[in-house]
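Chemist: The structure under discussion is supplied below as structure tokens; questions concerning it will follow.
The values are calculated or read from the model by the stated rules, or taken from the named source; none is laboratory data. Every value quoted in this text rests on a predicted model; they were computed, and no experiment measured them. Glycine gets a Cβ as well: all are built from the backbone with ideal geometry, and neighbour counts include every protein chain shown. SASA here: full protein model, heavy atoms, side chains in, ligands and nucleic acids out. Shrake-Rupley method; radii C 1.70, N 1.55, O 1.52, S 1.80 Å.
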Amino acid sequence: MKQVILTLYFFLFSICLFSQSSETEKRNDAMASKVISWINNKEAQNIYAAFDSNMKKALGKDAFFSMTETQIYPLIPFATEKYMGQNGPSNLYLLKTAAAMWSLQVAVNKQNEIIGLYMAPAKTQTGTPVADNGSVWHDNALSTKLDSLVHHIALSKMQQTITPAMSIGVLNGLKANFYNYGKTNLVDDLHPLSTTLYEIGSITKTFTAFILADAVVNKKVSLEDPITKFLPPSVASNSDLQAISLKQLANHSSGLPRLPSNAFEGANMADPYVNYDTSKLFTFLKSFKAVNKPGEKYVYSNLGFGLLGVILENIYQQPLETLYQQIIFTPFKMKSSYSGRVKDSSVTAIGYNGKKEPTSYWNFTSMAGAGSIKSNTEDLLRYALQFTMKPRTNSKTDPRIAMLESITFQKDYKNVSLAWHLENPGKPGQIMNHNGGTGGFRTEIDICADKKMAVVVLCNSGAETNASAAASEILKQVIKE
């Protein structure tokens, strides 16, 4: 079964699927439970190992791990609703999230190898998907092959989930193309533009990594410097922190968890990070006990990038918001981008959940380095241009770009530079990508520097899970042509 829809949500608790009577159903049921557990624990290697030879051949190891990395791990919790019966050799389950309903199908053979795995939004999902019947507003001129490709992919992805608006930017050499679909504000019936701002969530991490690269190039730090060099003595005295380097913070191999255990104590989950200040961050770090040694294992960590942002503020003695502006936004002519609270809601999309209810914007204090930036497709293509065209200063290319394109962690099918995830690392056609998500937004940026191409997809739905898939499909189709 070649098609594996990886638009599923992982959850943070164990799951028990209902048992059925036949041996086939029982085998499928047991494997479905394992698959969900493996997703929950970010153990995609176990899923791949359980595939039969045909599944492995059809998917390919690197492609499968790239899909799970970009489309599963960053997403939000789900729970089993009920067992729905069988469809040929597969067990069917209905899964529930706060935003939507999902359909899961799992099939195994007598050797308990996975011969089929499929997950997609269920027809019974909350809300009404956008229909491809001409009802979706768009500004696509539909006059070129690229226009048609983007239109087909955009509408197909908007059909699958609750996506009020989607803004797309495609960079090919020096030519930038912009496409906008849907509505940024359902009440006032407003439509997106290439200048419409979105919360870009974890794409922010690539900007934080850029600041780190700047600090290295300007000899303020070394990537191998221990993080404790830049922390208060009361925090630095924790021996479990002393072997962590700045590089390991930036490539998710620090051993720090995804989030600190005190992240949401007393938090309003509509704006979960607004009160998580440096004091709370340091309180967690003082008592942190490592599970993995630094450099040993990839564990995606919002905490790590929040901490990296705090450290960079200490190094430069300036707020992170100012560093983004001075080192990246102004030099790269990203005139609309900024970090911090929303400045003007009239030019910023409203975020929505899967019930088409407006969500709060997310605000950050100590976790700003992980997800605080607001940007648009125009600015993000200007950002991508630094990687694709590599502008020269005094006949020299930017050494910070070279650092961000180079692998710093490669293990268990993870290929990471500083923040960026890499496909085909170090080979012709290497693709750099990163996605992002907040309560009401999902975003993606993919860059192929060799081909001088990049794609940005921004959506104003916290339930939307297809920004990554849309960007990847557009870029890879354009590269083929």
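Chemist: Can you list residue pairs whose Cβ atoms sit under 6 Å apart, with the first residue in the range 453-479 being under 16 Å from Y383 (Cα atoms) and touching a residue at least 40 places away in the same chain (Cβ under 8 Å) and the second being open to solvent by 10 Å² or more (accessible area, probe 1.4 Å) and of a type in the set (S, T, N, Q)? Count only pairs 6 or more apart in sequence or on different chains.
Modeler: Sorted first by the residue in the range 453-479, then by its partner, the pairs are M453/N172.
Chemist: Restricting attention to the range 185-200, does a residue exist that is within 20 Å of S301 (Cβ to Cβ) and either out of contact with any Lys or Arg (no Cβ under 8 Å at 6 or more places or on another chain) or crowded, with 19+ Cβ neighbours inside 10 Å (or both)?
Modeler: Yes, the range 185-200 contains at least one residue that is within 20 Å of S301 (Cβ to Cβ) and either out of contact with any Lys or Arg (no Cβ under 8 Å at 6 or more places or on another chain) or crowded, with 19+ Cβ neighbours inside 10 Å (or both).
Chemist: With among the polar types (S, T, N, Q), under 25 Å from L197 (Cβ atoms) and open to solvent by 50 Å² or more (accessible area, probe 1.4 Å) as the only criterion, which of S346, S395, S366 stands out?
Modeler: S346
Chemist: Identify the single condition in (1) open to solvent by less than 70 Å² (accessible area, probe 1.4 Å); (2) assigned to a loop (DSSP other than H, G, I, E, B); (3) within 18 Å of D214 (Cα to Cα) that K333 does not satisfy, given that it satisfies every other one.
Modeler: Answer for K333: the failing condition is (1).
Chemist: Within the range 234-260, which residues are closer than 25 Å to V416 by Cα and either of a type in the set (A, V, I, L, M) or at pLDDT below 95 (or both)?
Modeler: L241, A243, I244, L246, L249, A250, L256, L259
Chemist: Let me ask something additional. Looking only at the range 415-464, count how many residues are open to solvent by 10 Å² or more (accessible area, probe 1.4 Å) and assigned to a loop (DSSP other than H, G, I, E, B).
Modeler: 12
Chemist: Right, here's the next one. So which helices (runs of 4 or more DSSP H) stay within the range 188-296 end to end and still have 3 or more residues that are closer than 30 Å to M334 by Cα?
Modeler: The helices (runs of 4 or more DSSP H) meeting that bar are 204-217, 246-250.
Chemist: Which condition number in (1) modelled with pLDDT of 95 or more; (2) open to solvent by less than 40 Å² (accessible area, probe 1.4 Å); (3) not in a strand (DSSP E or B) is the one that Y361 fails?
Modeler: (2)
Chemist: Could you tell me whether F387 is more than 19 Å from G437 (Cβ to Cβ), of a type in the set (F, W, Y) and not in a helix (DSSP H, G or I)?
Modeler: no
Chemist: Here is a follow-up. Somewhere in the range 192-214, is a residue in contact with a strand residue (DSSP E or B) (Cβ under 6 Å, 6 or more places away or on another chain) and on the phi > 0 side of the Ramachandran plot?
Modeler: For the range 192-214, residues in contact with a strand residue (DSSP E or B) (Cβ under 6 Å, 6 or more places away or on another chain) and on the phi > 0 side of the Ramachandran plot: present.
Chemist: Is it the case, given these coordinates, that Q159 is of a type outside the set (G, A, S), outside any helix (DSSP H, G or I) and either modelled with pLDDT of 95 or more or closer than 24 Å to L458 by Cβ (or both)?
Modeler: So Q159 does not fit the description; no.
Chemist: Quick check on T278: is it open to solvent by 10 Å² or more (accessible area, probe 1.4 Å), more than 18 Å from G369 (Cα to Cα) and among the hydroxyl-bearing types (S, T, Y)?
Modeler: Judged against the criteria, T278 is not a match.
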